[in-house]
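Student: Just passing along the structure, written as structure tokens.
Every number in this text was worked out from the coordinates using simple rules, so none of it is lab data. Quick caveat, the model's predicted, so the values are computed rather than measured. Backbone-built Cβ (ideal geometry, glycine too); neighbour counts: all protein chains shown.
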């Protein structure tokens with residue numbers, strides 16, 4: 001079996017409920033959405049055998065894989081998840097939620113995109129919902145979202161710092177109005193790591 005892989009890297013999880021944890025990121029190519037704030041060149045990539053992906057990550061001292069993209073659920077299937085599980089890895093996914101998640105995943109992040117992206121979610125229960133937010137966006141009621149342990153508002157980082165500051169301030173105000181939400185700032189961008 002092969003997956004089209006855009007990049008593999010070892011870093012810290014920069015956002016959400018697992019923020020600060022060492023993780024192996026496997027970014028799969030392709031996406032079913034084209035968000036204007038996407039910070040990833042996810043279309044290119046190389047088709048890799050699962051064994052080749054394993055050889056690219058097995059020297060990292062961490063046993064957490066984060067499948068990301070693009071949209072990883074376009075390619076990721078139970079065969080790949082079982083392969084890495086049998087090698088001792090725990091696995092998370094960061095997805096827009098428009099496809100069902102495998103029960104073989106250890107941690108699921110649904111980050112709905114588009115307007116209204118939350119209406120397209122195919123999962124009833126996830127570990128966290130993390131919504132990218134710009135100032136003025138409509139924040140959906142939690143009742144419209146999957147059941148989750150955590151609900152995060154994540155301010156979109158813009159090329160111009162002023163707009164980013166506006167996005168952060170907007171998220172803070174929304175959370176103060178409805179404290180079911182938490183703030184998830186992309187710490188990896190603030191501290192300059194991949």
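Student: What number, in percent, do you get for the relative contact order of segment 58-194 if the mean sequence gap of Cα pairs under 8 Å and at least 6 apart is divided by its residue count?
Tutor: 16 percent
Student: What order do you get for 138-149, 120-131 when each peptide is scored by the mean count of other beta carbon atoms within 10 Å, highest first? Could you put the intermediate results ahead of the total?
Tutor: Values: 138-149: 13.6, 120-131: 18.7.
Sorting 138-149, 120-131 by mean packing, highest first, produces 120-131, 138-149.
Student: Please give the peptides 88-101, 54-67 ranked by average Cβ packing (other Cβ atoms within 10 Å per residue), highest first, as a rough proxy for protection.
Tutor: Numbers: 88-101: 20.3, 54-67: 15.8.
By packing density, highest mean first, the sequence is 88-101, 54-67.
Student: Further question: Please list, in order, the residues from segment 163-194 whose amide nitrogen is less than 18 Å from a point placed 7 Å along the Cα→Cβ vector of residue 11.
Tutor: 184-194
Student: OK, next. Would you mind estimating how fast segment 112-194 diffuses translationally, via Stokes-Einstein at 25 °C and 0.890 mPa s with the Kirkwood radius over Cα pairs, in µm²/s?
Tutor: Numbers: Rh = 13.3 Å.
Result for D is 184 µm²/s.
Student: Using only Cα atoms, find the angle between the long axis of helix 161-177 and the longest principal axis of the chain, and express it within 0 to 90 degrees, rounded to the nearest 10.
Tutor: So the inclination is approximately 80 degrees.
Student: If each DSSP helix of 4+ residues adds -39,500 (n - 2.57) and the sum is divided by the residues in the chain, what number results at 222 nm, nearest 500 deg cm²/dmol?
Tutor: Value at 222 nm, helices only, nearest 500: -6000 deg cm²/dmol.
Student: Per-residue counts of other Cβ atoms within 10 Å, averaged by peptide: what ranking do you get for 183-192, 15-24, highest first? Intermediate values should be presented prior to the final figure.
Tutor: Numbers: 183-192: 14.4, 15-24: 17.7.
Final packing ranking: 15-24, 183-192.
Student: Give the distance, in whole Å, between the Cα centre of segment 43-81 and the Cα centre of segment 152-168.
Tutor: A separation of 30 Å, based on Cα centres.
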